[in-house]
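What follows is a short report on a single structure.
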Amino acid sequence: MCNNYAMTTSQQAIREASRALKDITGNMPLLPGIFPDYAAPIVRQSVEGRELSWARWGLPSPAFALEGKKTDPGITNVRNTASNHWRRWLGVENRCLVPFTSFAEPNQADGSKVNTWFALSEDRPLAFFAGIHVPAWTSVRKVKEGEITTDLFAFLTTEPNAEVAAVHPKAMPVILTQADELEAWLNLPWEEAKKLQRPLPDDSLKIVRLGGKTDGEEISETGPF
């Protein structure tokens, strides 16, 4: 599953594409490598309108997964939306858009686990994952941090299209590319919005890089918490 992606376009482009009216991210750097538990930009609905903000990648884990553990590093990908654990966060108040320009899947088909980077095209245009966010969640993510309260996010996955299946046959992120899809994900009742949990059509993605922990040379300045 996708546990590594990049976002290397401008925050102005994100605001324009998502119709975000407010930006509380500050001076956002390019993010060629976003990993679990990193800070990353999301677009969410707030009381003041649609906003671009930061959240930490990894939603609260189910209780059974935490038995005997002292920390909860979070769940990065959500597949089973019928689960009671996830259903409580599928309403419009918890949906968000996660901007990205490329994402990596480790090659499971040949056993090498070498990262294969996918994008919509070689120039890596902006697109969005269908995300879920949980604001102000209190937990222990790392022992050295202790208990903290922070905003969290993850995104949906689904069965892979042809390009991803050739590398990673189990799943791919749910990707939104059209303006009407973005609006539907943020605004429609779940019975309608859940139809977006589907793979992109075959031939929609290109392999733009093989290998590397990032789609670029430098690690994100935001870094892990």
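Throughout, read-outs are computed from the coordinates displayed, never taken from laboratory work. These figures come from a predicted structure and were not determined experimentally. A quick note on method: Cβ atoms are made from the backbone with ideal geometry, for glycine too, and the neighbour counts reach across all protein chains shown.
Here is how the numbers come out for the structure above:
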| read-out | value |
| --- | --- |
| Count of Lys pairs (Cα-Cα under 19 Å; at least 8 positions apart or interchain) in region 5-210 | 7 |
| Proxy reagent accessibility, fewest Cβ within 10 Å first, across Val143, Val134 | Val143, Val134 |
| Dipole of the chain [Lys/Arg +1, Asp/Glu -1 at C-beta], most positive-end residue of Leu200, Thr71, Ser112 | Thr71 |
| J(HN,Hα) series, region 136-147, from Karplus relation 6.51 cos²θ - 1.76 cosθ + 1.60, nearest Hz, glycine and proline x | 6, 8, 9, 6, 9, 7, 9, 4, 5, 7, x, 6 |
| Projected label distance in nm at Ser10 and Ala162, using a 7 Å step from Cα toward the beta-carbon | 3.6 |
| FRET efficiency, 1/(1 + (r/R0)^6) with R0 35 Å, evaluated for Asp23 and Ser121 via beta carbons | 0.85 |
| Built amide H within the under 5 Å cut-off of Cys96, gap 5+ | Gly131, Ile132, His133 |
| Reported label for calculated Rg and Dmax of the Cα atoms in Å given (i) 16.7, 53; (ii) 17.4, 60; (iii) 16.5, 49 | (iii) |
| Proxy reagent accessibility, fewest Cβ within 10 Å first, across Val43, Val167 | Val167, Val43 |
| Projected label distance in nm at Ala65 and Trp190, using a 7 Å step from Cα toward the beta-carbon | 1.7 |
| Cα→Cβ-extended label distance, 7 Å offset, between Val47 and Lys213, nm | 4.0 |
| Fewest-first sequence of Arg198, Arg56 by Cβ atoms within 10 Å of each Cβ | Arg198, Arg56 |
